[in-house]
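Novice: Next up is a structure, given as structure tokens.
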Amino acid sequence: MTTSTRDERATADTFEVRSPSTGDLVGSFPTHTADDVAATVARARVAADWWAGLTFGERAKRLDRFRGIIARRLAQLAGIMHEETGKPHSDAALEASLALDHCAWAAKHADQVLGRRRAGVGLLTLNQAASVEYRPLGVVGVIGPWNYPVFTPLGSIVYALAAGNAVVFKPSEFTPGTGSWLVEAFAQVVPEHPVFQLITGDGSTGAALCASGVDKVAFTGSTATAKKVMAGCSETLTPIVAECGGKDALLVDTDADLDSAADAAAWAGMANAGQSCIGTERVYVHADVYDAFVEKLVKIAREQRAGTDPDAKIGPITLPSQVETIRRHINDALRRGGRAALGGPDAVDGNVVQPCILTNVPEDSPAVTEETFGPTLTVTKVRDMDDAVARANATTYGLGAAVFSKKRGAEIADRLRCGMVAVNAVFNFPQIPSLPFGGVGDSGFGRIHGPDGLREFSYARSVARQRFTPPLALTTFARTAKTDSLVAKIMTLLHGRH
Ligand code: NAD
């Protein structure tokens, strides 16, 4: 990839991106200042007016061509993602390809979800024709994380674009090349105006975007940063959608298919080196099947090797500082009486962490309460599924969860406090574009994906048109005592019996 953005306005300040696998320089990008951000947002305003003036169908055509480019150049995009994050090339290609369905869905359904539609009227408003439509907000600022640098930001970006907004995107400072690739690809299908622009830099550039007066900020990242984003946006009353971290649990009942539950736990906990917001971090297993489950899980996880070479199934830890968090969680768990059924302190070697399965870990240890973001799982024996549900819910987070049970999967899932839950599978809900994605509690608020994801980037606009003069004139100083008495009678008839 190239070592600079297309943006010649850049300031003298730049930052470097290095491959977590090799340490090699991958690229160098400008740290955009508040002035740069303001200029970008100003250009976006003009572009937003033009883009909003197109029909849903015209925007859909452009978004369809955008996904065509991503699909045809998937290997190239995956190469940049691999260089910047260290994730295996095949995982990168899978991630990017899963974003394509979202692009198609948002483009196809925007009109149906957001277009003008009739609304019902009441007895006293029979003379009115009511309708509602969802209009674009204008310019949406998207602040992205590094762990899924394509799937995650596109989950906001393509829905915001399909709704008729312009987007200013600040990718993570660890993955600016991936963000730059996406923006350049979109510019090829929308050359007329800078509808989708890139700004690069660290938190200071993100903070400048929050303060820039954009019409909404779609933030994905840690809960701690979301609080700063919210505080920054409060100055201009800029609304935000916050997609934050999680501590997802996977519950295994006595009647679960243990092979598929173990396979799912290993993958959801360790794929992408465990650096997934909806990654499983805690497993609660019914006492009757606990030993059999742990044996199967250890067998699968033992075969997955982490490394920086192309054959490794698990890549290195992307964020240098995260290694210490993972080490602390493992060591603390073992110090408090936990046992390493696989891995342990030696699993951490430089920025490569081998799979770890920790059992008997006290519920108040950081390995159970904090986001670890490494290929580690705590596996805990529970009395019954009531116990499992209570423990799964005993977290400040509430992003996703998974339940494995042949008979009671849906019933157990119903009792979990989280935004998304998978039954007898993992990572299925984000692949279904019609399903909203998001969490509760410390995992954030607002939704991307699906109809809610389109509405998130629009505002409802209601129109009530009077078709004929009402028999009962209510909103006039000419209203009579007779009208008042008639209205009182009608209201008593309609509502009084309740
Ligand atoms: P992070 O919070 O460190 O950074 C996220 C983004 O915020 C980056 O682009 C960063 O530059 C920017 N930023 C930092 N300080 C800022 C500030 N003061 N104002 C504005 N922007 C600022 O998170 P990360 O390490 O990049 O990503 C990992 C986190 O993201 C994990 O907690 C993970 O669970 C979460 N995540 C959540 C989802 C989801 O959909 N819920 C998806 C992926 C990742």
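The values are calculated or read from the model by the stated rules, or taken from the named source; none is laboratory data. Bear in mind that the values here come from a model prediction, so they are computed numbers and not experimental data. Backbone-built Cβ (ideal geometry, glycine too); neighbour counts: all protein chains shown. Just the protein is used for accessible areas: all its heavy atoms, side chains included, with ligands, DNA and RNA removed. Shrake-Rupley method; radii C 1.70, N 1.55, O 1.52, S 1.80 Å.
Novice: Would you please list the contacts, defined by Cβ atoms under 8 Å and residues six or more apart or on different chains, that run from a residue in the stretch 12-24 that is aliphatic (A, V, I, L, M) to a residue that is part of a loop (DSSP other than H, G, I, E, B)?
Specialist: Listed by first residue and then by second, the contacts come to VAL17/GLU173; VAL17/PHE174; VAL17/THR175.
Novice: Residues of the stretch 167-211 being closer than 18 Å to ALA242 by Cβ and surrounded by fewer than 24 Cβ atoms within 10 Å (Cβ to Cβ), which ones?
Specialist: Within the stretch 167-211, GLY203, ALA207, ALA211 meet the criteria.
Novice: Another one. Filter the stretch 427-439 down to residues that are within 15 Å of the ligand (Cβ to nearest atom) and either among the aromatic types (Phe, Trp, Tyr) or touching a helix residue (DSSP H, G or I) at 6+ places or on another chain (Cβ under 7 Å) (or both) and give me whichever is farthest from GLN112 (Cα to Cα).
Specialist: Checking each candidate, the answer is PHE427.
Novice: Residue under question is ASP452, and the condition is that it be open to solvent by 60 Å² or more (accessible area, probe 1.4 Å), in a helix (DSSP H, G or I), of a type in the set (D, E, K, R) and within 16 Å of the ligand (Cβ to nearest atom); does it hold?
Specialist: yes
Novice: Let me ask another. Taking ARG461 as meeting all but one of (1) touching a residue at least 24 places away in the same chain (Cβ under 8 Å); (2) within 30 Å of ALA104 (Cβ to Cβ); (3) part of a helix (DSSP H, G or I); (4) open to solvent by 60 Å² or more (accessible area, probe 1.4 Å), write down the number of the exception.
Specialist: Only one criterion in (1) touching a residue at least 24 places away in the same chain (Cβ under 8 Å); (2) within 30 Å of ALA104 (Cβ to Cβ); (3) part of a helix (DSSP H, G or I); (4) open to solvent by 60 Å² or more (accessible area, probe 1.4 Å) is unmet by ARG461, namely (3).
Novice: So, in the stretch 417-458, how many residues would count as being basic (Lys, Arg) and free of Cβ contacts under 8 Å to residues at least 60 places away in the same chain?
Specialist: 1
Novice: In this structure, does THR254 turn out to be buried (at least 23 other Cβ atoms within 10 Å of the Cβ) and either within 30 Å of GLY141 (Cα to Cα) or among the hydroxyl-bearing types (Ser, Thr, Tyr) (or both)?
Specialist: No; evaluated as a whole, the condition is false for this residue.
Novice: How many residues does the stretch 304-322 hold that are surrounded by 19 or more Cβ atoms within 10 Å (Cβ to Cβ) and either β-branched (Val, Ile, Thr) or part of a helix (DSSP H, G or I) (or both)?
Specialist: Within the stretch 304-322, residues that are surrounded by 19 or more Cβ atoms within 10 Å (Cβ to Cβ) and either β-branched (Val, Ile, Thr) or part of a helix (DSSP H, G or I) (or both) number 4.
Novice: Further question on the same structure: Criterion first (within 16 Å of the ligand (Cβ to nearest atom) and open to solvent by 10 Å² or more (accessible area, probe 1.4 Å)) does ASP414 satisfy it?
Specialist: No: the conditions fail for ASP414.
Novice: If you don't mind, another one. Kindly indicate which of ALA273, ALA340, ALA292, ALA301 is within 23 Å of VAL403 (Cα to Cα), touching a residue at least 12 places away in the same chain (Cβ under 8 Å), open to solvent by 10 Å² or more (accessible area, probe 1.4 Å) and among the small types (Gly, Ala, Ser).
Specialist: After ruling out the rest, the residue left standing is ALA292.
Novice: I'm trying to understand the selection: among the residues of the stretch 160-175, which are within 13 Å of the ligand (Cβ to nearest atom), in contact with a Gly (Cβ under 7 Å, 6 or more places away or on another chain) and not acidic (Asp, Glu)?
Specialist: Of everything in the stretch 160-175, those that are within 13 Å of the ligand (Cβ to nearest atom), in contact with a Gly (Cβ under 7 Å, 6 or more places away or on another chain) and not acidic (Asp, Glu) turn out to be VAL168, PHE169, LYS170, PRO171, SER172.
Novice: Note down all Cβ pairs under 7 Å where the first residue falls in the stretch 217-245 and is more than 22 Å from TYR148 (Cβ to Cβ) and in contact (Cβ under 8 Å) with a residue 12 or more places away in the chain, the second is of a type in the set (A, V, I, L, M, F, W, C) and within 6 Å of the ligand (Cβ to nearest atom), and they're at least six residues apart or on different chains.
Specialist: Within 7 Å, the pairs are GLY232/ALA207; GLY232/CYS210; CYS233/CYS210; THR238/CYS210.
Novice: Are any residues in the stretch 115-127 of a type outside the set (A, V, I, L, M) and open to solvent by 40 Å² or more (accessible area, probe 1.4 Å), and if so, which ones?
Specialist: Scanning the stretch 115-127 gives ARG116, ARG117, ARG118, GLY120, THR125.
Novice: Check whether at least one residue in the stretch 328-337 is open to solvent by 10 Å² or more (accessible area, probe 1.4 Å), of a type in the set (S, T, N, Q) and under 30 Å from GLY444 (Cα atoms), and report yes or no.
Specialist: Yes, there is a match, as at least one residue in the stretch 328-337 is open to solvent by 10 Å² or more (accessible area, probe 1.4 Å), of a type in the set (S, T, N, Q) and under 30 Å from GLY444 (Cα atoms).
Novice: Identify all residues within the stretch 389-411 that are within 18 Å of ALA261 (Cα to Cα) and open to solvent by less than 50 Å² (accessible area, probe 1.4 Å); write none if there are none.
Specialist: Residues satisfying the conditions are VAL389, ALA392, GLY400, ALA401, ALA402, VAL403, PHE404, SER405, GLY409.
Novice: Okay, moving on. Of the residues VAL440, VAL487, VAL389, which is β-branched (Val, Ile, Thr) and within 23 Å of the chain's Cα centre (by Cα)?
Specialist: VAL440
Novice: Cβ-Cβ under 9 Å, sequence separation 6+ or interchain: first residue in the stretch 36-49 and at negative phi, partner at pLDDT 95 or above and part of a helix (DSSP H, G or I). Which pairs?
Specialist: ASP36/THR205; ASP36/ALA208; VAL37/THR205; VAL37/ALA208; VAL37/LEU209; ALA38/ALA208; THR40/LEU209; VAL41/LEU209
Novice: Could you tell me which of the residues GLY201, GLY232, GLY246 is near the ligand (Cβ under 10 Å from one of its atoms), of a type in the set (Gly, Ala, Ser) and under 18 Å from the mean Cα position of the chain (by Cα)?
Specialist: Exactly one of GLY201, GLY232, GLY246 is near the ligand (Cβ under 10 Å from one of its atoms), of a type in the set (Gly, Ala, Ser) and under 18 Å from the mean Cα position of the chain (by Cα), namely GLY246.
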